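Before any comments, here is the structure.
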Amino acid sequence: MVLAGLWDIKQSSIFNVASPQADKIGAVGNGFLVAATGMFLLVAVLTVYICRRYRARAGGPEPAQTSGNRKLEIMMVGVPLLMVTFFFFWSLKTMSAVLPPRPANRTPDVIITGHQYWWQADYPANRISTANEIHLPVGRKLLVALRAADVIHDWWVPALGAKMDMIPGTENYLWITITRPGTYLGGCSEFCGQEHAWMRIRVIAQEPKDYEQWLVSQAAIDKLPADSLTTKGAGLFMHASCSSCHSIRGTAAVGTDGPDLSHFAGRRTMLTGIQKVSKQNIYLWLLDPQKVKPGAHMPKFIFGRDSLLALTAYLSSLK
Amino acid sequence: MSRLEHIRIPEPEKPLPGLTISSDQGLIQWLSSVDHKQIGIMYLWLSVLFILVGGIEILLVRIQLAVPNNHFLNPEVFNQLFTMHGTTMIFFVLAPAIFGFATYFVPLMIGANDMAFPRMNAFSFWCTLFGGLLLYFSYLAGGAPDAGWFNYAPLNQFSYSSSPGIDYYCSGLLLAGIGTVSASVNFIVTIFRLRVDGMGLKQMPVFVWMILINSFLILAAFPSLNAALVMLLLDRELHAHFFNPGNGGSALLWQHLFWLFGHPEVYILILPVFGIFSEVFPVFSRKPIFGYGFVVASGVAIALLAFGVWVHHMFATGLGNTVNNFFAASSLLIGVPTGVKIFNWLATMYGGSIRFSVAMLFAIAFLVEFTIGGLTGISFAIVPIDWQLTDTYYVVAHLHYVFIGGSLFGLISGIFYWYPKISGRMLSEKMGRWFFWLFVIGFNLTFLVQHALGAMGMPRRVYTYPDLPGWGILNMISSLGGGLMGIAVCLLVYMLFTSRKTGQIAGSDPWDANTLEWTTTSPPPLKNFNLVIPVRSTRPFRDWKRPDDTDWAREGVNNE
């Protein structure tokens, strides 16, 4: 478990990439790092050398008053100019490989919409919708469409390559090919309001057959245990205000303002990455949302303890 | 010694009202002053006041970020603090400090007795001060602005930020902007009209050149900001919808207008500092600036290119590869004249006789720190790298290496260089060295690690973060470095206060300097000059002190 956890986390940086897109970006990055280090060392060594060599000495003569050297000046401009030209063409090549134009007739494999402060993921071919934990298959070149529901958000999973803003009123896209299964972490990278910090991303990359299985399980309707608490919770969810913002597949809850809660308890984290899904966390969240995630748009409902326990039981049964 | 010539000293055509009021420097005299030296000093104190305020704001932010999952500040307060920190440091610390030095020293360096429009000079200062106060009044009026210093739409709209903070942001920056634009007009006219006889454009000190170029940059860049601010006020107060996509507006329009101002603004905050360094390096190396023509011409090139690079702040907004490529090319191009200046200053030191005063120490440290900031800047012009690293802590590190390692180091160097002239007393070199090491070490502790944090996936502007490996320890180091910088700044402010009375008497020319401001007394009398030495090169005072080895004779330049 501990090892699996570490593996998870290693995959949140640009150094541990899992897609050819991120790999190509990494190559330019490394090339630049080498050139930049060289340039930096040149300046640093010259600075130190000149400071040591030409320290003023008491009674020393006035130094020669040279005020320029045409040849040296041309070199000072020419060499950096050649270097940036080289990187410009490398950049061009990488850009067209990472972000080629989008064919007009291709439907995106997944549409991700940024909301204050959560992610909506729609899979048009399978007509399913989920939130925050985004399952994707490995080995396929996926077209990911990016939208925003309110303000500007930004999709960034470093291991999978480029980030891209989600801008209300337009649709952006990215190509993502994932090379190995695993959990990849990321986060919203455009400041989007109070809970910008807690718009973490979890991409769960699966082998195609596991992914297909996941799609089937998401399309299914939850079978609820028939105990009285869960039934009461389901009733409350539909008749209190919950269902006007949240959807649960196969029920009367079809709201779209908040995250889709179908199979909610099958996810590992809740509230876009703040905490693990557990009965206690669900209970505390329902008790006072602003205490757990200040600024979230979930209102505080004045539920009694019984109702809270019933709702908690219902939500944690949505596997 | 060559003879002292009687030359006409340029002055404003109307008699100066300041000259009729007693010069006892009481409060009323400061408030009513139109003397460029007093206004310059007030600009500088304004900057000191706001660096303390902006510094406290960011120390609170760094305490919150010192450990993961911290609850020291709630997100609402945190967002107001980082927004105010950025806005304050850029508009009310760096800009006024630059204007302070320019207002004080441009007339002195060109041999004039005041700015061309002394009353407008005072007007510019008071606009800046009241702009800052208006911005800070938001705290009392219901909440400070909370959408970041670049205040992206539609987060800046009333429906997402309903406290009046952003309205104060707009009005405060508009007011300060009026001051900035009028000051620029004043500098341009002063520099073109009031130079002492003999000082052609080719004999102007580099600092004066940079202020001239900078003033044109401001005149061209600020209209875009001011237009955007007015449009945003209309959106918020009168329900217009320039930036509201829900009503047919455009969220990206704000970014275009803001960065069309915002990127030139970066150069507005660095070019004058290049001017300061171009005074400091020659004086403390006892050599002329290497490649005067190149340094000035590259300043002009930067100013022109500055208006064609703004989209590099928007490479991740999906404008398409064609647009991105154009702006990548222009951004890479502008890096060249900016970076090559480093070699000009190195070549100035080469073969010289270097005195390691505190002013020079900051100039030398700048060479190394600004190279880091410049190189990370180039990495953002390489679009694929930008796609990974923009809007992360790597950007935070980059911009602070530019604004602190570049602009602020230059301003501090300027303080140590010019404080004796302004106050008549020296800043302690011994305490100055303490300050230098504290500040430089603190600065690198704070920001060097942030490059790594960005690459490890930490987005900027988050009020807290999950406990991922490495994030906690690097943030802790960064916060400790911030504390060290805080202590260093307090030491500097203490020195600035106490040295006015207790510092060693400076005399008129403590550094054996080159330019005209050092020919008058320290501090200069209300009327700067009765006599000005002849000007035939960029180093008239050195020519005068060493008539056997003048620049104009050596270079065969003689304007007479």
Checklist line | Helix A:70-98 axis, angle to chain A major axis (alpha carbon atoms, nearest 10°) | finding: 20
Notebook entry, point to check: Of A:LEU42, A:LEU309, A:LEU215, which has the largest mean-square fluctuation in a 10 Å C-alpha GNM of chain A?
Noted result: A:LEU42
Notebook entry, point to check: When ranked by the protection proxy of mean other Cβ atoms within 10 Å per residue, highest first, what sequence do the peptides B:486-495, A:144-153 form?
Noted result: A:144-153, B:486-495
Next item on the list: Report, by chain and number, residues whose modeled amide H sits under 5 Å from the one on A:LEU136, excluding near sequence neighbours (fewer than 5 apart, same chain).
Entry: A:ILE204, A:ALA205, A:GLN206
Next item on the list: Under a cut-off of 16 Å between alpha-carbon atoms, report the lysines in cross-link reach of A:LYS93, not counting same-chain residues fewer than 8 places apart.
Entry: A:LYS24
Item checked: Check: segment B:37-553 dipole with +1 on Lys, Arg Cβ and -1 on Asp, Glu Cβ, in debye -> 1300
Item checked: Long-range amide H partners of A:ASP154 with built H, under 5 Å -> A:MET166, A:SER189, A:GLU190
Notebook entry, point to check: Rounded to the nearest 500, what is the protein assembly as shown's calculated 222 nm mean residue ellipticity when only DSSP H runs of at least 4 contribute -39500 (n - 2.57) each, over all residues?
Noted result: -18000 deg cm²/dmol
Item checked: Cross-link pairs B:LYS421/B:LYS545; A:LYS71/B:LYS202; A:LYS232/A:LYS293; A:LYS223/A:LYS291; A:LYS209/A:LYS293; A:LYS209/A:LYS232 - those with Cα-Cα distance over 29 Å -> A:LYS223/A:LYS291; A:LYS209/A:LYS293; A:LYS209/A:LYS232
Next item on the list: Would you tell me the mean number of C-beta atoms belonging to other protein chains that fall within 10 Å of each C-beta in B:330-343, as a whole number?
Entry: 4
Checklist line | B:ARG425 long-range amide H proximity, modeled H, under 5 Å | finding: B:ALA506
Checklist line | For residues of A:289-298, the mean tally of beta carbons on other chains within 10 Å | finding: 1
Notebook entry, point to check: Among the aspartates and glutamates, which have Cα under 20 Å from the Cα of B:LYS37 when same-chain residues fewer than 8 positions away are ignored?
Noted result: B:GLU11, B:GLU13, B:ASP24, B:ASP114, B:GLU279, B:ASP509, B:GLU517
Next item on the list: Could you sort B:546-555, B:381-390 so that the peptide with the highest average Cβ count within 10 Å comes first and the rest follow in order?
Entry: B:381-390, B:546-555
Margin query: If packing is taken as the average count of other Cβ atoms within 10 Å, what order do B:171-183, B:425-437 fall into, highest mean first?
Written below: B:171-183, B:425-437
Notebook entry, point to check: So, in Å, what gap is there between the alpha-carbon centers of segment B:460-510 and segment B:44-60?
Noted result: 11
Margin query: For A:LYS319, give me every one of the aspartates and glutamates with a C-alpha distance below 12 angstrom, ignoring sequence neighbours fewer than eight places off in its own chain.
Written below: A:ASP222
Next item on the list: Can you run the Rg to Rh ratio on chain B? Use alpha carbon positions and the Kirkwood inverse-distance Rh.
Entry: 0.96
Checklist line | For segment B:307-318, Karplus couplings with θ = phi - 60° (6.51, -1.76, 1.60), whole Hz, Gly/Pro x | finding: 8, x, 10, 5, 5, 5, 7, 10, 4, 9, 9, x
Next item on the list: Take the Cβ-Cβ distance between A:THR269 and A:ILE74 as r, set R0 to 51 Å, and report the resulting FRET efficiency rounded to the nearest 0.05.
Entry: 0.30
Next item on the list: Shielding by partners for A:46-55, please: the mean number of other protein chain Cβ atoms within 10 Å of each residue's Cβ.
Entry: 6
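Rule-based calculations on the coordinates, nothing more; no lab input. Because the structure is predicted, anything quoted here is derived from the model rather than measured. Positions of Cβ are generated from backbone atoms using ideal geometry, with glycine treated the same way; all protein chains shown enter the neighbour counts.
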